[in-house]
Structure formats: structure tokens, C-alpha cells
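Chemist: Encoded as C-alpha cells, here's the structure I'll be asking about.
Throughout, read-outs are computed from the coordinates displayed, never taken from laboratory work. Since we're looking at a predicted model, the values are computed, not measured. So basically every Cβ, Gly included, is an ideal-geometry build from the backbone, and we count neighbours across all protein chains shown.
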Amino acid sequence: MAGCAGSGEEQLEIPTNLPPICRDIDFSANPDMREVCGVRKAHNKAYKNIPQQRYLIKPAETSIVKTGKKLELRFQNSLPIELTGGIVDDLRFSQDLRLQRVTNTYDYHEIYNKASGERMRIFKMGIPTEANRTYEFCFHIPEKKGNARTRNRAMGTNIEEMDCGDFEEFVAADLAAKKAEQEAAAKRK
């Protein structure tokens, strides 16, 4: 369950798994939509660990959930990733901000090594905050373990955090390899 402070006096508990049609509704201004979307009034206003959520622009269905002082980055069909550092204090959550998507940057690269036949999927996200700072996080998506028989949809992908310096090195090496390959192909013609 999740909640965000309403624009009025009342506190609302808003689920973090809202259907897409309910995500852009201001439940303080449209109280008739609360029951349909599973939103209810918070009965214990002293309870501070009600999760709050904000959606990112890219990739689709990605959000940041805050519970107390803990931030999690949540991707669809993946396990949550805990975010640490200054972003925990700089990113704000409220009923009004819940309706605004975070205008993040997203740089995805799929690197294929023809010699070894290995594929590497990596991406970098820049998440801006209300403190006018942008925090960058880099991730590696490992290949799914198991085979088609043992793998199922309930098993989430375990996205791994990686150093952004390593991300830049992998991308630069891939671009250099592609450029050399194009130059070699041009010389053969």
C-alpha cells in the first residue's frame, strides 16, 4: 500500500500498484474515484511509513517509491533497487508531485560481442530532484538464468547497479569497435 498527503487536510493511502488509468487522478479533487482505484483515507495520521510513489518518464511503468527514509527504484517485472545518497533527501513526494512525472534521462545500450557471442545490456538514468540536482545511476541487466522450462514470469529480473565510469568505458569501447568495423567495410568496397 502507498499513500500521499492530499492537497487538503486529509491523508490518503494510495496503492503503489495503481492501474494506469488511475495514476493521473487527483483523489482530493475527485473523491468519487477513490473507491474505484482502491484509495482510502489514512486512519492513523501519526503513521509515517506510508509508501509514496512518483512515476518516471522513461522507461514506461518505472517509478520511485519512498517508505520512511528508504527510496526504491521499481521497474516492471524486476526486483526493486534501493537508491542511496543525496537523492533520498532531495527528491520530494506529495499528492501534487505524485501527479507530475519525473523528467529523467534514460540511455540504454545493448552491446553484442561477435567473437564471444555474449550480449551486455546496460543503461544509465539521470534523475532530477526538486533541489535542482540530477543524480546519475548506472545498471546492468544480466541474462536470465535457467531455461525456458525453469524460468517463469514470477521470477523478476535482478537488475544490478554498476559504476557509471564502467558504463562510459563499455559504451566508448563499443562505439570505437563499431567505427573501426565501418571503416574496414568502407576500405573493402
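Chemist: Identify, among C37, N113, S78, the residue whose Cα sits farthest towards the positive end of the charge dipole of the chain, taking +1 on the Cβ of Lys and Arg and -1 on the Cβ of Asp and Glu, with the dipole about the Cα centre.
Modeler: Of the options given, the answer is N113.
Chemist: While we're here: Could I have the simple spin-label model distance between A186 and N77, label points 7 Å from Cα toward Cβ, reported in nm to one decimal?
Modeler: That separation, rounded to one decimal, is 3.9 nm.
Chemist: Quick one: compute the contact order of region 51-188, relative version, from alpha carbon pairs under 8 angstrom and 6+ residues apart, as a percent.
Modeler: 18 percent
Chemist: Report, to the nearest 10°, how far helix 164-188 tilts away from the longest principal axis of the Cα atoms in the chain, using its own Cα long axis and a range of 0 to 90°.
Modeler: 40 degrees
Chemist: Among DSSP beta bridges whose residues both lie in the chain, state the antiparallel percentage, nearest 5. List each step's numbers first, then the result.
Modeler: Values: 37 of 39 bridges.
Antiparallel: roughly 95 percent of the beta bridges in the chain.
Chemist: Separate question: What do the square roots of 5 times the Cα gyration tensor eigenvalues come to for the chain, in whole Å, largest first, as semi-axes of the equivalent ellipsoid? Mind dumping the intermediate values first?
Modeler: Details: eigenvalues 315, 70, 44 Å².
Semi-axes (√(5λ), whole Å): 40, 19, 15.
Chemist: Same structure again: On full extension of the chain, what length is gained from A173 through D24, given 0.36 nm per residue of separation minus the C-alpha to C-alpha distance?
Modeler: Using 0.36 nm per residue and subtracting the Cα-Cα distance, I get 49.5 nm.
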